[in-house]
Amino acid sequence: MSSPANAEAQLSELELLFSMFPNELLVDDQLALADLRDYVQGKMLSPPTSRLQFTVHLQLDVPNVVCALSCAFPQNYPAVIPEISTRSDALYRTQQVQLNTDLHEFLRENCCGEICMLNVIEWIKDHAATYMSKETISVEKLQPANRTKDAICTRLWIYSHHIYNKEKRKNILEWAKELTLTGFSMPGKPGVVCVEGPHSACEEYWARVKRLTWKRILIRHREDATLDITKVDVDAAMQMFRKFTEFEEKIFAVRGNKGNHMDLGQLYQFLNERECGDIFQLYFGVEGKTS
């Protein structure tokens, strides 16, 4: 169980990383971050049950090569080491496995009992390029600087306190179609939006949506997958990643005295049909049931 001291150390370290990597750091679960802040500030008595997870996209010294660093803090970090892995399009599978094996050894030997993310980042910047072959690096040099981001599929699960406004609902639909994203939106209270597609397009969509006026909106969960473009082309790989064929607004049976709650059983059935029913518990904290 996380102690207040561990929670405060986690929050302080993440805020430091935000100041150093304002555009490169992405928190996977904004609600977990909000719970951690509430716990540190004494607004929540019990430690958060969700782990803090985030990704940092590091620009290496090799031109146009980006290394994505995925990190999860166990509840009692920094008393124990964090869970960290790296990926890059400039690494073959065997190279990536070896890099992560050596990274774990570095963590085990140097990072138990104190915050360590800056040391980890420096280690990756100093060592990652040595695992890359000349062939993969030369291919990277021929590609645009944003190649790694474009080679990542992303799925964002967005939670809003409510979605009623007709103009917002119109924007949610039109922006998704403009950016060639698939997924769905569910208006009402709460509001649910899922978008999936190229990483850069999803980030652009989120940047637009969060600028609108909301009582509360956050990314409840995110999924990223690196395309193996050496085996299949980007479009084919993107189709394999997608759970949805288009973007649509879903209206389920309306419940509640004010007629503003959708039938969550129908939502769960809809998610199950697209093989993502486990998301229901992340949103609502209970296992889903069909109506």
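The values are calculated or read from the model by the stated rules, or taken from the named source; none is laboratory data. None of these values were measured; they are calculated from a predicted model. Note: ideal-geometry Cβ built from the backbone for every residue, glycine included; neighbour counts use all protein chains shown.
Here are the numbers for this structure:
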| read-out | value |
| --- | --- |
| Lone unmet requirement of (1) at pLDDT 90 or above; (2) assigned to a strand (DSSP E or B); (3) farther than 18 Å from TYR164 by Cα for GLU248 | (3) |
| For GLN59: the one exception among (1) touching a strand residue (DSSP E or B) at 6+ places or on another chain (Cβ under 9 Å); (2) farther than 23 Å from ALA225 by Cα; (3) surrounded by fewer than 17 Cβ atoms within 10 Å (Cβ to Cβ) | (2) |
| Strands (runs of 3 or more DSSP E) wholly inside segment 1-108 containing at least 3 residues that are out of contact with any Gly (no Cβ under 6 Å at 6 or more places or on another chain) and touching a residue at least 60 places away in the same chain (Cβ under 8 Å) | 52-59, 66-73 |
| Residue, farthest from ARG222 (Cα to Cα), within segment 87-119, restricted to residues that are of a type outside the set (Gly, Ala, Ser), in contact with a helix residue (DSSP H, G or I) (Cβ under 7 Å, 6 or more places away or on another chain) and modelled with pLDDT under 90 | ASN110 |
| Strands (runs of 3 or more DSSP E) wholly inside segment 148-238 that include at least 1 residues being at pLDDT below 90 and not hydroxyl-bearing (Ser, Thr, Tyr) | 152-160, 191-198, 217-226 |
